[in-house]
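Here is the structure we will look at.
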Amino acid sequence: MIATLSWLLPAATSEDGGFTPPTVGEFFPGALFFANTPFAITRINLIMMLMAGLLCLFMVVAFRKPALVPRGIQNLGEMMVDFVYKSIVEEILGANGKRFAGFLVGLFFFIFFFNIAGILPLIHISPSSVIAVPMVMAVAVWVVFNYVGIRKHGLGHYIAMNVFPPGVPKPIYLFITPIEFISTFLLRPITLTIRLLANMMSGHLLLVLFFSATWFFLLESDGLLKIFAVPSFLMGFAFTLFEILVSLLQAYIFALLAAVYIQGSLSEEH
Amino acid sequence: MILGQLLGAAAEGGEQPSILFPAIYDIIWGGLSFTIVMLLFWRFVLPRFSAVVAERSEKIAGGIQRAEQLQDEAAAALAQYRAQLHDARAEAARIRSQAEADREAILDQARREAAEVAAAIATQAQAALALERTKVIAELRGEVGAIALDLAGRIVGEAMSDDARARAVIDRFIDGLAEVSSVADAGAVAQDRA
């Protein structure tokens, strides 16, 4: 048990030539092309392109010739888009949602395809677990909801309605205004980023931990210790299933929060 | 140590970048993928999705409307059919009773005509019969007279040819016969009638 815990601490046991636990180095693979330039391409960047390409391919095939009676891939694509559209766009934004449907549904599918790469055989790492990806998306959401709010209410009114919530005694604004400002304009993108990033990183580290432990027990440990390969593998398998859920859930939460933020910017009172 | 890695390994010699500071190439490739996917959804997927869903719901709504219309038409046709059926039944009943009446009339007519014809035939036959009998009686009267005379002559032994006495005897005798035969005739005619 103590040994198990020590694996969680990177480099804790690697010196004695035994088990080497995963480190965050996992998320910084070396460049394969264009090293040391801004356009360096690492393994994770290749996975980004692959997953984005797969998503585009799937959607193009599904909606290339939409038939009134959907079948095959169109049916699947429609069901998925319909689910996201109904449960996020219509649920949160209602009739206003049509304008943002492409953004929100696209967000969901982009995140989901990136997330699910974490459990795909031979890929086994999610591009969402490098901070640039969630950050880019969080910035996009930030830009969209602020742009929408400013377009609708004007800059002054938009900021005022966000930092001066109505129905509060005047002196309280002294505390509430900075808090509201920070939470709306700074913390929203940060929490969006960290929530997704941390989920995908920890998921990946857990999978690597359990499967490399399985490998270690099976091949390199002595005698009875080999038995530990079984629970270790089962845990890895269970977490693989769990990761599917997490992939969906995080994509859903990200898109849902984006919709909620947009709705907040559109509404008259805040 | 984990915390150190989270906050940036730059302090430890810059061998490993911080997980909280994005690499420029990750931003570029991630941003590029993101932009492409977003454009695809914005320009391609959602417009087509909305279009096909709208078209489908329109089709379904239109179909329901058409079905309702057809149902109304069918109901109207059924009512009309029922009315026609009712009329046809009444007509049939009327024709049947008419035919019944006609049949009775025709039968009556035929019966009457048959009776008339039968009566005419019977009358005619009786007339012919009577005529025949009269003729036969007349002939017989002559022949029987001759035969009786002959017989009587033979019995008496002398010829009773044409003298007045003999004729008077014969006439009296035949008159007696005629009375007997007319009574017999009346009996025969009564039997025919029955």
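Remind me, relative contact order of chain A in percent, using alpha carbon pairs under 8 angstrom and six or more residues apart? Please report the intermediate quantities before stating the final value.
Details: 268 pairs, mean separation 59.1, N = 270.
Computed over chain A, the figure is 22 percent.
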### Within region B:17-193: Cβ-based charge dipole about Cα centre, in debye rounded to nearest 20 (Lys, Arg +1; Asp, Glu -1)
1360
#### Entry: Nearest 10 degrees, 0 to 90: helix A:72-84 Cα axis against chain A principal axis
60
## Note on the structure
Computed over chain A: longest principal axis from alpha-carbon atoms vs helix A:188-219 long axis, angle to nearest 10 degrees, is 10
#### Entry: Exposed GluC sites (Glu not before Pro) absent - longest run of chain A, DSSP non-H/G/I/E/B, at most 11 other C-beta within 10 Å
A:1-267
#### Entry: Check: the protein assembly as shown dipole with +1 on Lys, Arg Cβ and -1 on Asp, Glu Cβ, in debye
2120
### Query
How much length, in nm to one decimal, is gained on full extension between A:Leu224 and A:Leu155, taken as 0.36 nm per residue of separation minus their Cα-Cα distance?
18.0 nm
### Query
Residue separation times 0.36 nm, minus the C-alpha to C-alpha distance between B:Arg165 and B:Ala178: what's the value?
2.7 nm
### Task
May I ask for log10 I(q)/I(0) of the protein assembly as shown at q = 0.06 Å⁻¹, from a Debye sum over the Cα atoms as equal point scatterers with solvent left out?
-0.52
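Rule-based calculations on the coordinates, nothing more; no lab input. From a predicted model like this one, the values you see are computed outputs, not experimental measurements. Don't worry about glycine lacking a Cβ; one is built from the backbone with ideal geometry, like all the others, and counts go over all protein chains shown.
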